[in-house]
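Before any comments, here is the structure.
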Amino acid sequence: MDQTMDYEKIRKSAAKRQRARNVIVYVLLTVWALVVLFPFYWMLLTSVKGYGEYNAEYIPKFYTLSPTLQNYADAFRTVPLGRYLLNTLIFTVVTTAIMMVVITLAAYGFARLEFRGKNLVFTLFLSLMMIPNELVIITNYATITSMNMRNTYLGLILPSVTSVFYIYLLKENFAQVPDSLYYAAKMDGTSDLKYLFKVMVPICKPTMVTVCILKVIECWNSYVWPRLITDDENYFLVSNGIQEIRENGFGRENIPAMMAAVVIISVPLIVLFLIFREKIMTGVSRGGTKG
């Protein structure tokens, strides 16, 4: 009887400690979530404040009693935000589509095909990740300029159609597919390309979707390269258009209109991530785990 009572006390004590730990963890997670989400809240709040209301606030307010959508109308009427969005959409879609073809073929070659010096080539390929991005940008800039492709979609797209990291991620995922499937397909007379698109791609679809989404986000947020290679407003992307909006559009003092433009630019990526967040996490975990 005494042993039963002691066991019950120990169980209740352990349960209380576990509840206390859970409360602490959830409190910390809630605080961290508020810290992370506050800039988005402040951006959205500022975008619905009137110009006069915002400038009249000597102490910033965390609410507004008279929200307005005028700033969003001004974002499209005052500056060519629609053109920036269209340019970014073209750049993102074309770059991502070409890159998916390039990295899929490269990853399949390293993962499944056998050729002389494959390991050496792949090692040298991975060593490219050690080169600072600034050096690559300088080389790309000199090349694109010498080919007279500044202020063109081709000049924007070409340097971004491959990625060593994505090839490595996809190659590791392809390597997890059992060799028996490949040998069985070859015995049936299946070509390598048919095996790639009929077997490998469907099996590794989560990782490919993840890579595609991450590339879309990368292209949408691209800033340094488009800023270097374009000085024609007709080819500005949204990331570069923000600076143009600030300097020659709304002016430096019209912060609410600026925030409205930023909200318009940010919403597509936020929606995309919320829709595919589970696929992103699944694809990354599968790509980084072998066996």
Among A75, V216, S13, which residue has its Cα positioned farthest towards the positive end of the charge dipole of the chain, with +1 placed on the Cβ of Lys and Arg, -1 on the Cβ of Asp and Glu, and the dipole taken about the Cα centre? S13
Given Cα positions, please report Rg to Rh for the stretch 72-179, the hydrodynamic radius being the Kirkwood one. 1.11
Picking from I90, I103, I59, whose Cα lies most toward the positive end of the charge dipole for the stretch 46-134 (charges on Cβ: Lys, Arg +1; Asp, Glu -1)? I103
Can you work out ³J(HN,Hα) from phi for every residue in the stretch 181-191, in order, using Karplus 6.51 cos²θ - 1.76 cosθ + 1.60 and θ = phi - 60°, giving whole Hz and x for Gly and Pro? 5, 5, 5, 5, 5, 5, 5, 7, x, 6, 6
Straight-distance crosslink candidates among lysines, where the alpha carbon sits under 27 Å from K186 and sequence neighbours closer than 8 are dropped: K118, K171, K194, K198, K205, K290
Under Karplus coefficients 6.51, -1.76 and 1.60, residue-wise ³J(HN,Hα) of the stretch 270-278 in Hz, glycine/proline x: 5, 4, 4, 5, 5, 6, 10, 4, 5
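When only C-alpha pairs under 8 Å and at least 6 residues apart count, what is the relative contact order of the chain, in percent?
Numbers: 244 pairs, mean separation 89.6, N = 291.
It comes to 31 percent, rounded to a whole number.
From the C-alpha coordinates alone, can you work out the Kirkwood hydrodynamic radius of the stretch 81-287, in Å?
With all distinct Cα pairs of the stretch 81-287 included, I get 19.1 Å.
Could you rank the peptides 141-152, 65-76 by their average count of other C-beta atoms within 10 Å per residue, with the highest value first? Please report the intermediate quantities before stating the final value.
On the way: 141-152: 13.6, 65-76: 15.2.
Descending packing order for the listed peptides: 65-76, 141-152.
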Compute the distance in nm between two label points, each set 7 Å from the Cα along the Cα-to-Cβ direction, one at V199 and one at K9. 6.5
Protection-proxy order for peptides 96-104, 169-177, 15-23, 256-264, each taking the mean of Cβ atoms within 10 Å per residue, highest first: 256-264, 169-177, 96-104, 15-23
If the cut-off is a Cα-Cα distance under 29 Å, which lysines reach K12, setting aside same-chain residues fewer than 8 apart in sequence? none
Can you give the helix-only mean residue ellipticity at 222 nm for the chain, where every DSSP H stretch with n ≥ 4 adds -39500 (n - 2.57) and the sum goes over all residues, rounded to the nearest 500 deg cm²/dmol? -23500 deg cm²/dmol
Among P39, I144, F125, whose Cα sits farthest toward the positive end of the charge dipole of the chain (+1 at Cβ of Lys/Arg, -1 at Cβ of Asp/Glu, about the Cα centre)? F125
In whole Å and largest first, what semi-axes does the C-alpha gyration tensor of the stretch 161-221 yield when each eigenvalue is scaled by 5 and square-rooted? 27, 11, 9
Residue by residue through the stretch 123-130, the couplings from Karplus 6.51 cos²θ - 1.76 cosθ + 1.60 with θ = phi - 60°, in Hz, x for Gly and Pro, are 5, 5, 4, 5, 5, 4, 5, 7
Checking the cross-link filter: which lysines have an alpha carbon closer than 21 Å to that of K61, excluding same-chain neighbours under 8 positions apart? K49
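Throughout, read-outs are computed from the coordinates displayed, never taken from laboratory work. Just so it is clear, the structure is predicted and the values come from calculations on it, not from any experiment. Heads up, the Cβs are rebuilt from the backbone with ideal geometry, glycines too, and the neighbour counts pull from every protein chain shown.
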